Amino acid sequence: MSLKERLEKLQCHFTWSLEEQDETDIEHVKQGLNLRIQHTPYNNHSTFYALQAYLHQREGRYQEALQSLRTAEESLGEGQQASLIGPKLVISGNYAWIYYYLCNYEMVEQYLEKSDTISQFLSHRSQSTATIPDISGMIGWSLMAIGFRYGERAASCFQAALSENPKNVEFCAGLAIALYAAATRNGAGTELKKEAISKLKEVIHQEPINYECKTYLALLLEDSDFDRAQELAEDVVKNSRDPEVLRNVAQVFQEQHVNRCWDILKQAISIVGDYSLLHRDLGFSYQWQLIKNVNILSMPSENAIAAAIQAYKHAIQLDPLCIFAKIALAEVYGLNNQQAYQQEIYDNLERELPNASEKCQQAFYVSLGKFLLYKKHLLNDAAYVFVKCFKISTETKSGNKCKSELLKIVRWFERDGRTEKARDLSQLIQDSKKVAIFCRT
């Protein structure tokens, strides 16, 4: 058996079929991962450091990758108890793969042998390493760190871990968070939301200081029981020092108490001022006031525009790869009748788009399409842009907005007597897999 074949049998980040991320996604995942490492209340530091090593390797930063694995080992301490078998196997596997890419085959052999030695400590000699609860949990936590779009897969991992260790509080929390992620995905049903609420309540009953789960429960209860959601959110704000948790819980107040939303985001910024998403969300909260025409605040619209622009600029300065902040800044310039600046941002983003995720691409096309349609009144150009968005198969809110705008354009084509154009566009909407080219004519 070749080295590569032996490596592919290991349980580690390199064999878990983690989706290939582009460079932009990797950088964003690493930003969030750093906060998770600092503030996680769970016993999963080794998972996150091992994932960090995998991401460093993806960027060709091998020395940083090896250092992350050394830190992962230090987080485990000493001992061979059963609870360390999974993490040690994963760390050894990551080491083996990284040395493989460095062409250091002697070290690869060393870590393959180490993995075999660790496996000997399994409580059941016939048990496969793939069934170790800790490994299933590590896969779940890694998926959640990469993105909430993997909620369903992560939930399956935590359920597998709980089937072997049903009383593990950490796995229960992981399952609750994964169910929340799945329930808030575009198109998720009400039953999944109920399941997520039930599991989050169960975790909070066991761990009253689990502020991450309290935040997600508050967000799910916001529409049906705002008083309870607000009570949970205020408890989180009072006690948590996790900037990411505070960023999320601020959303509870976005609709009804936007001033409070601002206060919470500024509180989080005072803890970590260089986290770009905090400034992006602060900009969004100012923009929300403008879009929804909220009149309960004393801030005039021109001040809200200036504050939003400043917040988005700060977010982009901290993270030049943040496409969503750039799109939002373009839209605020549009609200301020600065269409020249808005156009400049779209032109620049179009050059960045090939390296962006499909979710970012969809958001860009929807924003640009609406600009062309409602600001420039270029119906054909807008239709062309919306079709490019519609052909991206990823299920997102932007994708739904795109379809809605295309249906409007179909009606306008029909109104203008352009029946052939309307028919072609309507057929394309009905068959999202159709590989037709909808040209500007």
Checklist entry - From the residues in the stretch 418-437 that are over 19 Å from residue 394 (Cβ atoms) and modelled with pLDDT under 65, which one is least open to solvent (accessible area, probe 1.4 Å)? => result 436
Checklist entry - Would you call residue 227 assigned to a loop (DSSP other than H, G, I, E, B), open to solvent by 10 Å² or more (accessible area, probe 1.4 Å) and farther than 25 Å from residue 274 by Cα? => result no
Checklist outcome for this item: Screening 282, 329, 290 for residues that are in contact (Cβ under 8 Å) with a residue 12 or more places away in the chain, under 25 Å from residue 268 (Cα atoms), touching a His at 6+ places or on another chain (Cβ under 9 Å) and of a type in the set (A, V, I, L, M, F, W, C) leaves only 282
Item to check | The lone exception for residue 224 - which of (1) out of contact with any helix residue (DSSP H, G or I) (no Cβ under 7 Å at 6 or more places or on another chain); (2) at pLDDT 95 or above it fails | outcome: (2)
Checklist entry - Which condition breaks for residue 36 when tested against (1) within 25 Å of the chain's Cα centre (by Cα); (2) more than 30 Å from residue 325 (Cβ to Cβ); (3) basic (Lys, Arg)? => result (2)
Item to check | Total residues in the stretch 20-35, condition out of contact with any Phe, Trp or Tyr (no Cβ under 8 Å at 6 or more places or on another chain), outside any loop (DSSP other than H, G, I, E, B) and open to solvent by 40 Å² or more (accessible area, probe 1.4 Å) | outcome: 4
Checklist entry - Could you say whether any residue in the stretch 11-19 is outside any helix (DSSP H, G or I), without any contact (Cβ under 8 Å) to a residue 12 or more places away in the chain and more than 30 Å from residue 323 (Cα to Cα)? => result no
Item to check | Single residue of 358, 395 found to be open to solvent by 80 Å² or more (accessible area, probe 1.4 Å), within 28 Å of residue 28 (Cβ to Cβ) and either without any contact (Cβ under 8 Å) to a residue 40 or more places away in the chain or more than 23 Å from the chain's Cα centre (by Cα) (or both) | outcome: 358
Next on the checklist: Name the residue that is least open to solvent (accessible area, probe 1.4 Å), counting only residues in the stretch 139-169 that are farther than 21 Å from residue 29 by Cβ and touching a helix residue (DSSP H, G or I) at 6+ places or on another chain (Cβ under 7 Å).
Outcome noted: 161
Item to check | Hits in the stretch 36-72 (condition: assigned to a helix (DSSP H, G or I) and of a type in the set (S, T, N, Q)) | outcome: 38, 46, 47, 52, 57, 63, 67, 68, 71
Next on the checklist: Quick check on the stretch 58-69. Is at least one of its residues at pLDDT below 95 and open to solvent by 60 Å² or more (accessible area, probe 1.4 Å)?
Outcome noted: yes
Next on the checklist: Based on this model, can you work out whether residue 3 counts as open to solvent by less than 20 Å² (accessible area, probe 1.4 Å) and of a type outside the set (Val, Ile, Thr)?
Outcome noted: no
Next on the checklist: Going by what's in this entry, would residue 306 be described as closer than 27 Å to residue 252 by Cβ, aliphatic (A, V, I, L, M) and without any contact (Cβ under 8 Å) to a residue 40 or more places away in the chain?
Outcome noted: yes
Checklist entry - Only one of (1) within 19 Å of the chain's Cα centre (by Cα); (2) open to solvent by 60 Å² or more (accessible area, probe 1.4 Å); (3) closer than 28 Å to residue 230 by Cβ; (4) not hydrophobic (A, V, I, L, M, F, W, C) is not met by residue 276, so which one is it? => result (2)
Item to check | Failed condition for residue 269, given (1) surrounded by 19 or more Cβ atoms within 10 Å (Cβ to Cβ); (2) more than 21 Å from the chain's Cα centre (by Cα); (3) at pLDDT 95 or above | outcome: (2)
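The values are calculated or read from the model by the stated rules, or taken from the named source; none is laboratory data. Fair warning: this is a prediction, and the values are worked out from it, not measured in the lab. In this analysis, Cβ positions are derived from the backbone assuming ideal geometry, glycine residues included, and neighbour counts consider all displayed protein chains. Surface areas here come from the heavy atoms of the whole protein model, side chains and all, with no ligands, DNA or RNA. Shrake-Rupley method; radii C 1.70, N 1.55, O 1.52, S 1.80 Å.
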